[in-house]
1. May I ask for the equivalent-ellipsoid semi-axes of region 29-103, computed as the square root of five times each C-alpha gyration tensor eigenvalue and listed largest first in whole Å?
2. Please give the residues of region 29-71, grouped as numeric ranges, whose backbone N is less than 13 Å from a label point set 7 Å along the Cα-to-Cβ vector of Arg102.
3. Calculate the FRET efficiency for Ala51 and Glu90 from the Cβ-Cβ distance with a Förster distance of 41 Å, rounded to the nearest 0.05.
Amino acid sequence: MPEPEPDPRNLRAYDLSVLPEHTAQDLDSAEGILGLLTGWAAERLRTARQAAEPDPAEIARRTADSERYAALLRRVRTMTPDELRQVVEELGPVARRAVEERQ
């Protein structure tokens, strides 16, 4: 029985060696960045909710951040090469700051 054709929108359905090198690197980077930011945002949201006097505006901001990163992570494998590059360029510095904040 022949193997089903990969979903052309899912970059991970392909052997990464068939993708242009910069696209494969951006996919790996974007997945790592968004995974880190999704966890970081969830942690910050949890902390804001558990504060002695929770600030509704801060909780709303943290909720929006958490939902944004999770939505991007869910669709990262179907992003175009340009979208992947944009994620890496825009959110890479945010992820770096998140790591530095944890240390």
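The numbers here are math on the coordinates, done by the rules we state, and not lab data. In this text the structure is predicted, and so the values were computed from the model without any measurement. Note that each Cβ is placed from the backbone with ideal geometry, even for glycine, and that neighbours are counted across all protein chains shown.
1. 25, 13, 9
2. Answer for region 29-71: 32-44.
3. 0.90
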